[in-house]
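Heads up, the thing below is written out as structure tokens.
Derivation of every value follows stated rules applied to the coordinates shown; laboratory data play no part. Only a predicted model underlies this, so the values are computations on that prediction, with no experimental measurement involved. Neighbour counts are summed over all protein chains in view; Cβ atoms, including those assigned to glycine, are modelled from backbone coordinates with ideal geometry.
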Amino acid sequence: AQSVTQLGSHVSVSEGALVLLRCNYSSSVPPYLFWYVQYPNQGLQLLLKYTTGATLVKGINGFEAEFKKSETSFHLTKPSAHMSDAAEYFCAVTNTNAGKSTFGDGTTLTVKP
Amino acid sequence: DGGITQSPKYLFRKEGQNVTLSCEQNLNHDAMYWYRQDPGQGLRLIYYSQIVNDFQKGDIAEGYSVSREKKESFPLTVTSAQKNPTAFYLCASSIIGTTGELFFGEGSRLTVL
């Protein structure tokens, strides 16, 4: 079984401030972990993913995430928020055996000018 | 450009009517998925298919049906048995045997009047 918990359904930051979106997962097998972003009335697009190897993963638009096995976490960060970062963000885990993904409930990021 | 095309983008339905949402992909992916998205609930898996003429129920399959007659196409029918069909529906695809990264369409918003 696998599950994802995103802490905080809404996060608000000022433009230029640090963005931190939290994700914790559980998985009975080594996981693949993903962050997706969704803009209003659109589909999801991949921000970054962790499969194997380096635990600090860099993605598009200046985002990065660190896989911490001991904490079962995969938090998403960006040093300086931009207005265009306002969107909904989803963390997901994939069971490498079954190939199905489980999503967190999402975090809506608001960026204040 | 390769991608996933969902249609229609917006759909209105009267209670008691069946509706079919189209999903076509030209990525040559074997696996295709249908997710339902409701505010604050993340993405929930309705059905998925890993091969033509075969598909499996996801977590919330009741009131929905699918077919997979061609590799490129995975239509979803929302039947009158679905008690609360108003939602945003997302189709996705992936390559079997890899990380499980999902490629999404732009979504279809169904409103029951």
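Residue count for the range A:2-24 under the criterion of being among the hydroxyl-bearing types (Ser, Thr, Tyr) and either under 23 Å from B:Trp34 (Cβ atoms) or without any contact (Cβ under 8 Å) to a residue 12 or more places away in the chain (or both): the result is 1. Condition test on A:Gly53, is it out of contact with any strand residue (DSSP E or B) (no Cβ under 6 Å at 6 or more places or on another chain), surrounded by fewer than 16 Cβ atoms within 10 Å (Cβ to Cβ), among the small types (Gly, Ala, Ser) and within 14 Å of chain B (Cβ to nearest Cβ)? Taking the combined requirement at face value, the residue satisfies it. Residues in the range A:56-65 that are in a strand (DSSP E or B) and either in contact with an Asp or Glu (Cβ under 8 Å, 6 or more places away or on another chain) or at the interface with chain B (Cβ under 8 Å from one of its Cβ atoms) (or both): A:Leu56, A:Val57, A:Lys58. Within the set B:Lys57, B:Lys9, the sole residue that is within 14 Å of chain A (Cβ to nearest Cβ), of a type in the set (Lys, Arg), surrounded by fewer than 15 Cβ atoms within 10 Å (Cβ to Cβ) and touching a residue at least 24 places away in the same chain (Cβ under 8 Å) turns out to be B:Lys9.
For the range A:31-50, the criterion of a residue being more than 10 Å from chain B (Cβ to nearest Cβ), of a type in the set (S, T, N, Q) and surrounded by fewer than 21 Cβ atoms within 10 Å (Cβ to Cβ) is satisfied by no position. Residue count for the range A:1-30 satisfying the condition of being hydroxyl-bearing (Ser, Thr, Tyr), within 25 Å of A:Val111 (Cα to Cα), out of contact with any Phe, Trp or Tyr (no Cβ under 9 Å at 6 or more places or on another chain) and within 14 Å of another protein chain (Cβ to nearest Cβ): 1.
The combined condition, being of a type in the set (S, T, N, Q), within 14 Å of chain A (Cβ to nearest Cβ) and assigned to a loop (DSSP other than H, G, I, E, B), is fulfilled by B:Thr98. Applying the criterion of being assigned to a strand (DSSP E or B) and farther than 17 Å from B:Gln6 by Cα to the residues of the range B:20-54, the residue that is farthest from the other protein chains (Cβ to nearest Cβ) is B:Asp54.
Of the strands (runs of 3 or more DSSP E) lying entirely inside the range A:67-113, those containing at least 2 residues that are farther than 19 Å from A:Ser27 by Cα and away from chain B (no Cβ under 14 Å) are A:73-78, A:107-112. Annotation note: Cβ proximity below 9 Å between a residue of the range A:38-52 that is over 18 Å from B:Ile4 (Cβ atoms) and a residue that is basic (Lys, Arg) (sequence gap 6+ or interchain) occurs for A:Leu48/A:Lys58.
When B:Arg109 is tested against the conditions (1) free of Cβ contacts under 8 Å to residues at least 40 places away in the same chain; (2) surrounded by fewer than 18 Cβ atoms within 10 Å (Cβ to Cβ); (3) assigned to a strand (DSSP E or B), the lone failure is (1). Suppose we keep only residues that are closer than 19 Å to B:Thr5 by Cβ and in contact (Cβ under 8 Å) with a residue 60 or more places away in the chain within the range B:65-89. Which one would you say is surrounded by the most Cβ atoms within 10 Å (Cβ to Cβ)? If we take residues in the range B:65-89 being closer than 19 Å to B:Thr5 by Cβ and in contact (Cβ under 8 Å) with a residue 60 or more places away in the chain, then B:Val78 is surrounded by the most Cβ atoms within 10 Å (Cβ to Cβ).
One residue alone among A:Val11, A:Val4 is surrounded by 14 or more Cβ atoms within 10 Å (Cβ to Cβ) and either among the basic types (Lys, Arg) or closer than 17 Å to A:Asp85 by Cβ (or both), and that residue is A:Val11.
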